[in-house]
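Report on one structure; see the data block that follows.
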Amino acid sequence: MCGIIGIIGKREVAPLLLEGLRRLEYRGYDSAGVATLVGKGIERRRAEGRLDNLAERLEREPLSGKTGIGHTRWATHGRPTERNAHPHATDKVAIVHNGIIENFHELRDELVAKGIRFETDTDTEAVAHLLTVSLNDGATPEQAMADAMDRLRGAFSLAVVFAGQPDLMIGARRGSPLAVGYGDGEMYIGTDALALASLTRRITYLEEDDWVVLSPQGVRIFNQRQPVERPVKETALSGALIGKGNYPHFMLKEICEQPAVIGDTLQSFLNPLTRQVQLPKLPFDFATVPKITIVACGTAYLAGLVAKYWFESVARLPVEVDIASEFRYRAAPMPDGGVTIAISQSGETIDTLAALQYAKSQGQICLAIVNVLESVIARESHAVLQTLAGPEIGVASTKAFTTQLTVLAVLAIAAARARGKLTAEREAQLCAALIATPAKVTEIISQEDAIERVANAVVKARDVLFLGRGSSYPIALEGALKLKEISYIHAEGYAAGEMKHGPIALIDENVPVVVMAPLDEVFDKTASNVEQVEARGGKLVLFSNASGIKRLGGRAVASMALPETDPFTAPILYAIPAQLLAYRVAVMKGTDVDKPRNLAKAVTVE
Ligand code: G6P
């Protein structure tokens, strides 16, 4: 959600800002804008909708200037119109902002009482006026920012330029990420290293409550008005790494990368020769952990739901999984010595962060499973396990999900061993099943005809039901989530056994019922549910292995045979056709697959 880029440059900056914004598109947005310093003034170009609209605008009305800021906005306060698009400006400052200023009503009332007129419906405009009032009262830009930091409440990252001062830019962060980039006689600021990838690899990640003063010569960083030092890191990201290659969409590229990234993730956590899990040292001992609490949002939450089945059945360790936005406010009692696992691709999701902070306040040991190692969730945790998915750009999570599952599977095996619930032989079997996963994922991805048939059975539907039992239940939820996210078809995931308690009323010849039925210990139960669907004329779409399809697929309108697998790894494999089905249907319907309407990749507001 919302992306920020700022450049103090040696070159014309508008095209560079636009390119940086393109790298932030993946976060989700509905308007965009840039501002540069021109002579003693500030000039802006802003546009509703896609960045192409802003690019056209800049072509018609070019913007000169070597210092500037840019923004992609995901509307929170005020509709996504040009008027509400960032940067917001006064005659003294222009500002871009990610997050929410929670006390903006109070600030606005105070500023209006001073005779200031607001032009937008945004919370951000209050910050522009707050800084301007300080400057008009004689404060330096640094003093104005330090004072603003004391006044602002909420989560935000900001970048500000000052009219007539092309060698100055100030950034600040609280609860939202912000990175500084170092160039050759140029300095940059951006939401993340991705935004800066084509400009530099030398990055400083700002800490909570830091604010930073940039000039062409370098940076000064402050926290609580005191100067602080933050390390400069070399990022591995390059511009090329985050291109689409020959794929039509990032989502397809990321689906196809799964064999490689699952393999990479496995390699960092298990030894293929001994077939044993090898985790880095964790700040707790699974043998004595009374309970695990998993908090996450969206697809990451569904990875947590799969993990519950794994930890409970293999390690006999009780697990509670909760949606972070619910967990954070329900004052859950937490046991002494308990472990909380926060799962997040971005490591930025505000609700997951808040849930983690609550767990910490309750004395829990916190473990983060994140894709972005420098993220705030990683930094707030006592320990981190990284999913090696690489940058995920498609809004609908795919490779992040299966690598989260991979880490969680390995963790469950480690827990089972520590708790004496696993023989060496069974551990070797489970590890072998995991090691075999990348090749099986490749096999599934190559079954294009089968996916096409399944997609044809679904594409015209208004509603689709996904069913699964046991660890396939979260995969049914994920299948429904993926489909609705990118194809806009209404879809619901249900525990197969629960179907009789409601969704069965929906079943008729127009509603495809997609069943995830690996050959596991609950297959026969799922089979009964399939019979119940067929008895009501339901349109069955079946994912199983060859023998499952032989048994149940006779009357299916479409089916797909997945490779044989140990039931333990079935959730990882069955996630793949769910992704491919959603992708194919979305392409058939012509939706914007990588940037579905209203959705954001990193959800940084409540
Ligand atoms: C958004 C994204 C989802 C993602 C969820 C959680 O809704 O569109 O793809 O699963 O946020 O994000 P996180 O970065 O915490 O995994």
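The values are calculated or read from the model by the stated rules, or taken from the named source; none is laboratory data. Quick caveat, the model's predicted, so the values are computed rather than measured. Here Cβ is always computed from backbone atoms with ideal geometry, including for glycine, and neighbour counts include all displayed protein chains.
Residues that are of a type outside the set (A, V, I, L, M, F, W, C), in contact with an Asp or Glu (Cβ under 8 Å, 6 or more places away or on another chain) and part of a helix (DSSP H, G or I) within the stretch 26-68 comprise just one, Tyr26. One residue alone among Leu373, Leu388 is more than 9 Å from the ligand (Cβ to nearest atom), in contact (Cβ under 8 Å) with a residue 40 or more places away in the chain and not assigned by TED's automatic domain parsing to the domain that holds Arg174, and that residue is Leu388. For the criterion of being of a type in the set (A, V, I, L, M, F, W, C), in contact with a Phe, Trp or Tyr (Cβ under 9 Å, 6 or more places away or on another chain) and within 16 Å of the ligand (Cβ to nearest atom), Ala324 passes.
For the stretch 22-41, a residue qualifies if it is buried (at least 24 other Cβ atoms within 10 Å of the Cβ) and out of contact with any Phe, Trp or Tyr (no Cβ under 7 Å at 6 or more places or on another chain), and the qualifying residues are Arg23, Leu24, Arg27, Ser31, Ala32, Gly33, Val34, Ala35, Thr36, Leu37. Report yes if Ile507 is over 22 Å from Ile451 (Cα atoms) and surrounded by fewer than 24 Cβ atoms within 10 Å (Cβ to Cβ), otherwise no. Taking the combined requirement at face value, the residue satisfies it. Going through Val530, Val587 one at a time, which residue ends up being surrounded by fewer than 23 Cβ atoms within 10 Å (Cβ to Cβ), assigned to a helix (DSSP H, G or I) and either under 35 Å from the mean Cα position of the chain (by Cα) or touching a residue at least 60 places away in the same chain (Cβ under 8 Å) (or both)? Only one candidate passes the filter, namely Val587. Among the residues of the stretch 323-359, the ones that are surrounded by fewer than 18 Cβ atoms within 10 Å (Cβ to Cβ) and either in contact with a Ser or Thr (Cβ under 8 Å, 6 or more places away or on another chain) or not assigned by TED's automatic domain parsing to the domain that holds Leu422 (or both) come to 2 in all.
Residues that are aliphatic (A, V, I, L, M) number at least 3 in the following helices (runs of 4 or more DSSP H) confined to the stretch 276-388: 298-314, 350-361, 376-380. For the stretch 287-306, the tally of residues that are more than 14 Å from the ligand (Cβ to nearest atom) and not β-branched (Val, Ile, Thr) stands at 3. For first residues located in the stretch 205-234 and at positive phi, partners that are among the aromatic types (Phe, Trp, Tyr) and assigned to a strand (DSSP E or B) and lie 6+ apart or on another chain with Cβ distances below 8 Å form the pairs Gly218/Tyr182.
Summed over the stretch 343-370, the residues that are of a type outside the set (Asp, Glu) and within 14 Å of the ligand (Cβ to nearest atom) give a count of 15.
Screening Arg202 on (1) out of contact with any Gly (no Cβ under 8 Å at 6 or more places or on another chain); (2) free of Cβ contacts under 8 Å to residues at least 40 places away in the same chain shows it passes everything except condition (1).
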